[in-house]
Amino acid sequence: MNHYAPEALTGFCTAALVAAGVGQPIAASVAESLVYADVRGVESHGVLRLPIYVRRVREKMVDVIREPAVVQDRGATALMDGGNNFGAYVGQKALDLAMARARDYGVATVGVRRSNHFGTAAYFAEQAAARGLVAVIVSNASQTMPPTGGIRPFLGTNPLAIAAPTGGPTPFLLDMATSQVARGKIIAAARRGEAIPEGWAIDAAGQPTRDAEAGLAGAVLPLGGAKGYGLSMAIDILAGVLTGAGYGPHVRNMYEDWENPQDVGHAFILIDIAAFMPMPAFIARMQDYLALLKAEPRAPGVAEILFAGEYEHRLAEGRRTGGIVLVPALVQELAALAADLAVAMPDPIDTSDRRSGTAAAGA
């Protein structure tokens, strides 16, 4: 396996996007989001997505010139038109606006329409938590998941992130798809030629499958059956119906639709903790809450009870020093992209005297 320094991968992704015609600020924003996902172990939303992002730019399916713009503004609420620019860039603009408004009004909601795939929701939620805010961030996505009782995709694996500061280096950070697994993980398994676990997906005929390619041709299953289906639909209403973005089959697939913009919708809901109590009081309560959690009796073989985001934070610490592991098939794809764009592929780092990010996280 090849280990790559996160900063080198960020520079490479930025250079690749710039070479494809993306302006430096937008390219850097998108690159940072991609590598953030890999650092946290969410490979399904990491540099794996760079080739399709570049292709979308080349095919003029993403407008990398138009800036996101606020089209409705009522102070504590605002609606942003993403202008069909990159989702990571549009999302950052919406987040920045929502954070500023939450400081002014105690709570703020910014809805977004006409955006694209925005990567991992945790990327935005963690920024808000670092600034003393509680964040609830949702986005819809293209059809990959059937409604309960259906056999063909209707909903996206619409993600939800909730974050809050804890007073320590690790925020509470729940980041989840509403499917059994993010579809990107099935894409990653297909690229590696690996089988997927039972219960992740059905094939085109509606039958359970462990074949990754068959799962991609079929549908990803909802998390917890009808509960995941209902949660995904609720997110589609918040991020799509309410904002004027696409919803259900009107959110286009970035891998398959080369005629229509994706029209993804997002919603950023932020709460200023100081509007409820002084920050020190909140942190004291959070610290007490986490101490109570950690003191709970553990099941046999469990060394520690973790809270949402804690495992990923430890994994990130290891990968920042030990590097991000890229599977050979992805390295080959990125190398081919680098050659096509005439940019330098980063060199892998020497890990002979270091542990990998995975090993370090489990120590």
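In what sequence, highest mean first, do 198-206, 41-49 appear when ranked by Cβ atoms within 10 angstrom?
41-49, 198-206
When averaged across all projection directions, what area in nm² does the alpha-carbon convex hull of region 104-158 cover?
Spelled out: convex hull of the Cα atoms, projected over all directions, averaged, 5.2 nm².
Using a 1.4 angstrom probe on the protein heavy atoms only, could you order D104, D63 from most to least accessible area?
D104, D63
Peptides 322-333, 11-22: what's the order by average Cβ count within 10 Å, highest mean first?
11-22, 322-333
Kindly state, to the nearest 0.05, the FRET efficiency for V327 paired with A217, given R0 = 25 Å and r defined as their beta-carbon distance.
My answer for the efficiency is 0.70.
Can you work out ³J(HN,Hα) from phi for every residue in region 163-177, in order, using Karplus 6.51 cos²θ - 1.76 cosθ + 1.60 and θ = phi - 60°, giving whole Hz and x for Gly and Pro?
My calculation for region 163-177 gives 9, 8, x, 10, x, x, x, 10, x, 5, 8, 8, 9, 9, 7 Hz in order.
Which of the trypsin sites (Lys or Arg not before Pro) found in region 281-351 are loop residues per DSSP with 12 or fewer other Cβ atoms within 10 Å of their Cβ?
Passing sites in region 281-351 are R298.
Can you send over the solvent-accessible area of I271, 1.4 Å probe, protein chains only, in Å² to the nearest 10?
50 Å²
Applying 1/(1 + (r/R0)^6) with R0 = 25 Å to the Cβ-Cβ distance of K60 and Q24, what FRET efficiency is obtained, to the nearest 0.05?
0.80
Select from Q92, Q262, Q72 the residue whose mean-square fluctuation is largest in a Gaussian network model of the chain (Cα-Cα springs shorter than 10 Å).
Comparing Q92, Q262, Q72 in the GNM, the peak value goes to Q72.
If R0 is 25 Å, what FRET efficiency do you get for K294 and E7 from their C-beta distance, rounded to 0.05?
Using R0 = 25 Å, I get an efficiency of 0.15.
Using square roots of five times the C-alpha gyration tensor eigenvalues, list the equivalent-ellipsoid semi-axes of the chain in whole Å, biggest first.
28, 26, 24
So between Y311 and L242, what do we pick up on full extension, going 0.36 nm a residue minus the alpha carbon distance?
Value of the extension gain: 21.5 nm.
Placing unit charges on C-beta atoms (Lys and Arg positive, Asp and Glu negative, everything else neutral), compute the dipole magnitude of the chain about its Cα centre in debye, rounded to 20.
380 debye
Which peptide among 305-312, 342-349, 93-100 comes first, and what is the full order, when sorted by highest mean count of other Cβ atoms within 10 Å?
Ranking the peptides 305-312, 342-349, 93-100 by packing returns 93-100, 305-312, 342-349.
When the helices in the chain are scored as -39500 (n - 2.57) per DSSP H run of 4 or longer and the sum is shared across all residues, what 222 nm value do you end up with, to the nearest 500 deg cm²/dmol?
-12000 deg cm²/dmol
Across region 233-363, how large is the tail of the calculated P(r) beyond 27 Å, expressed as a percent of all Cα pairs?
Looking at region 233-363, the distances longer than 27 Å represent 60 percent of pairs.
Measuring from the lowest to the highest alpha carbon on each principal axis, how far does region 160-316 reach, largest first, in angstroms?
That gives 52, 45, 29 Å along the principal axes, largest extent first.
The values are calculated or read from the model by the stated rules, or taken from the named source; none is laboratory data. Just so it is clear, the model here is predicted, and its values are computed rather than measured. Glycine gets a Cβ as well: all are built from the backbone with ideal geometry, and neighbour counts include every protein chain shown. With ligands, DNA and RNA removed, areas are computed over all heavy atoms of the protein, side chains included. Shrake-Rupley method; radii C 1.70, N 1.55, O 1.52, S 1.80 Å.
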